[in-house]
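Participant: This structure is in structure tokens; I'll ask about it shortly.
The values are calculated or read from the model by the stated rules, or taken from the named source; none is laboratory data. All values reported here derive from a predicted model rather than from experimental measurement. Using ideal geometry, Cβ is built from the backbone for each residue, glycine included, and neighbour counts are taken over all protein chains shown. For the accessible areas, the whole protein counts, side chains as well, though only heavy atoms, and no ligand, DNA or RNA atoms are used. Shrake-Rupley method; radii C 1.70, N 1.55, O 1.52, S 1.80 Å.
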Amino acid sequence: METLLEQQRRYHEERERLMDSMVKETLLKKPSSSSSRDQINSDHRMKTLLDRYMDDTVALLDLYEDKDGMRKEEVAALSGPNEFVEFYNRLKLIKDFHKTHPNEISVPMSMEFDELAKSRENPGSDDAVMGDFSDEEGYGRYLDLHECYDRYVNLKAMPKVDYLAYLSTFDQLFDVPKERKNYDYRRYLEMLLDYLQGYSARVKPLLDLADEMDNVRLEFLVKWEAGQFPGWPVRV
């Protein structure tokens, strides 16, 4: 139903509203009593707004590039000698659409952003959940490594420890002897890494994890080439 020009207008309007919402989210003064939950919810709202802004930008770029020439044809039809004929043709299409869909409800874009403003300005008015956390994670305050722990204690080459001891040593990978780092241990590390990356994305949704991982990988390669990476001594 929407013409290409109307799509462009809508994308521009939405981008302006998204930018306004992101500015207000950034400038929002959080009370001193605000919890980490409020900050996490704020970051998730910001991430949602930013993702939508980028999606709209990509869609606008595609429309302006006009690779199929349809936008050019539409502009020519509206600005040519038969512009009134084109206007009444489009008016007829709108009337026909509403005759065919008499119960169609159009929700103004402003209503969606009004609801967003309410959740932003009254974070404690409802039990809004922006992040998906388990009970053990306490909405981003703690790690829940029970599944990783179960995988770890089932590794034949690893010593059996209780959960509390595991929590104090799970990140000290360089202390694990090289001969114990077999295929099963690698699968365990992949599981641990997957959880920690997912947890980081939920606690800090605005963090560029890909960039962080690239930096870690470069640092690893330098140490690996120099034979200085902990837990993997150079063969003599």
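Participant: Which residue out of 120, 90, 71, 52 is modelled with pLDDT under 75, part of a helix (DSSP H, G or I) and surrounded by 11 or more Cβ atoms within 10 Å (Cβ to Cβ)?
Facilitator: Answer to the selection: 90.
Participant: Within region 136-177, how many residues turn out to be in contact (Cβ under 8 Å) with a residue 12 or more places away in the chain and open to solvent by 70 Å² or more (accessible area, probe 1.4 Å)?
Facilitator: 7
Participant: Which residues, counting only those in region 1-38, are at pLDDT below 90 and farther than 30 Å from residue 138 by Cβ?
Facilitator: Across region 1-38, the qualifying residues are 1, 2, 3, 4, 5, 6.
Participant: Then there's this: Select from region 178-188 the residues that are of a type in the set (Phe, Trp, Tyr) and surrounded by 10 or more Cβ atoms within 10 Å (Cβ to Cβ) and list them in ascending order.
Facilitator: Answer for region 178-188, where residues must be of a type in the set (Phe, Trp, Tyr) and surrounded by 10 or more Cβ atoms within 10 Å (Cβ to Cβ): 185, 188.
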